[in-house]
């Protein structure tokens with residue numbers, strides 16, 4: 001079990017941390033199996049998506065914000081971050097990614113992102129290799 | 001492999017069952033690994049989110065209902081529960097949660113919820129420790 | 001580790017491939033554990049939902065398209081498929097399904113679907129048994 005730290009700088013941000021996962025996987029010495037990533041927060045999630053064009057993460061946050069704005073949806077939770085809790089559950093709290101030959105089996109355009117919806121903060125992601 | 005039973009009482013409800021998972025994990029005697037939870041239904045999902053303020057689950061169901069209402073979206077499925085099928089896929093049918101020292105590695109505010117979208121019913125959740 | 005190929009024929013389509021997963025699981029000879037499925041693409045996802053009435057997948061794609069249309073949301077990504085990237089992250093890139101007695105523990109109405117959002121194409125899904 002390993003703990004990764006991922007830092008966000010804005011309220012909403014997709015922060016790629018593929019290299020950190022790759023490095024920890026290499027250190028583990030495991031050759032084939034699954035990497036499980038798990039975010040220990042309720043206003044951030046995890047996703048895999050394109051890491052080539054920064055407009056993809058931008059468009060993703062824009063669409064989610066359009067559908068679920070921070071204000072104006074008759075939310076009752078007093079911290080004014082219900083939108084962040086909801087987006088976190090839509091993204092999901094865990095990722096499971098297979099690896100073989102010691103390498104993550106990511107597709108050509110895929111990167112691993114922390115989905116920050118109530119930052120900027122330092123977030124903890126648990127990594128388990130199985 | 002274990003079977004958990006989770007009871008809902010309303011059409012839409014987030015039912016926390018963290019304690020059941022914790023108890024079954026303790027019974028398994030396993031110390032480090034992953035817990036996989038899997039819901040065997042197509043109108044209910046699973047999620048991890050805040051279990052402190054009941055307004056968080058309330059706001060989540062409210063937002064999903066606003067975006068995907070039961071009626072008025074030109075759905076064709078005859079059982080009038082297409083909204084529930086869609087929300088179930090958005091939440092997702094499985095959760096993977098790491099544990100170490102025999103304890104679930106949940107964050108301080110995280111609880112494990114069945115997302116009921118077409119209840120009240122008794123739902124079956126498969127639990128596997130690996 | 002196995003590679004499954006799933007063929008879509010439309011821009012948006014839910015393509016069931018439960019039988020392929022079942023066959024590969026049988027070939028593996030494993031009796032109890034988890035099947036991890038992982039899609040190596042950023043405009044397609046995976047989900048479990050009802051495979052009995054084709055109106056359920058139809059309604060799911062219809063609702064997602066209503067909420068996140070291909071055009072008109074002020075997207076900036078130049079390939080005009082931001083909607084597909086976003087829907088892929090909402091569905092998710094992986095599934096984890098338990099099995100016992102050599103059989104997938106799917107519910108009675110559950111099937112395994114590739115969620116195609118930018119097809120038709122041949123898509124690669126990694127399958128790992130643990």
Computed over chain C: longest principal axis from alpha-carbon atoms vs helix C:18-28 long axis, angle to nearest 10 degrees, is 40
Note to self: C-alpha centroids of the stretch A:1-56 and the stretch B:1-53 sit apart, in Å, by 24
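Mean separation of Cα pairs under 8 Å and 6+ residues apart, divided by the residue count of chain C: what relative contact order is that in percent? List each step's numbers first, then the result.
Details: 262 pairs, mean separation 71.4, N = 130.
Worked out over chain C, it gives 55 percent.
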at residue C:1 the sorted inter-copy label distances (label 7 Å from Cα on Cβ side), in nanometres, are 2.6, 2.6
Label points for residue C:28 built 7 Å along Cα→Cβ; distances to same position in the other copies, nm, shortest first, come to 1.6, 1.6
The Cα radius of gyration of chain A, divided by 2.2 N^0.38 Å with N its residue count, comes to 1.09
Under the rule rounded for a/c under 1.5, else prolate if a/b exceeds b/c, else oblate, using alpha carbon gyration tensor axes a ≥ b ≥ c, the stretch C:1-69 is classed as prolate
To the nearest 10 degrees, the tilt of helix C:55-67 (Cα long axis) against the first principal axis of the alpha carbons of chain C is 40
Mean per-residue count of partner chain Cβ within 10 Å for A:119-129 equals 2
Residue B:129 and residue A:52 label points (each 7 Å along its Cα→Cβ direction) are spaced in nm at 4.5
For the protein assembly as shown, one quarter of the surface area of the C-alpha convex hull, expressed in nm², comes to 17.2
Output field shielding_mean for A:28-39 (other chain Cβ, 10 Å radius) holds 4
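What number do you get for the stretch C:50-92 when its Cα radius of gyration is normalised by 2.2 N^0.38 Å, N = residues?
On the way: Rg = 12.0 Å, N = 43, 2.2 N^0.38 = 9.2 Å.
That works out to 1.31 for the stretch C:50-92.
How crowded by other chains is A:45-53, given as the mean number of beta carbons from other chains within 10 Å of each beta carbon? Working shown, then result.
On the way: counts 2, 2, 6, 11, 7, 10, 1, 1, 6.
Going residue by residue through A:45-53 and averaging, the value is 5.
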Over the protein assembly as shown, the sum of -39500 (n - 2.57) across DSSP H runs of at least four, divided by residue number and rounded to 500 deg cm²/dmol, gives at 222 nm -8000 deg cm²/dmol
The residues B:35, A:39, B:15, sorted from fewest to most surrounding Cβ atoms within 10 Å, come out as B:15, B:35, A:39
Rounded to the nearest 10 degrees, the helix A:82-91 long axis (Cα) sits at an angle to the longest Cα principal axis of chain A of 30
Ranked output for segments A:62-73, C:90-101, B:102-113 by mean other Cβ atoms within 10 Å, highest leading, reads C:90-101, B:102-113, A:62-73
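All of the numbers you see were taken from the coordinates with simple rules; none came from a lab. Note that the structure is predicted; figures quoted are calculated from it, not measured. Heads up, the Cβs are rebuilt from the backbone with ideal geometry, glycines too, and the neighbour counts pull from every protein chain shown.
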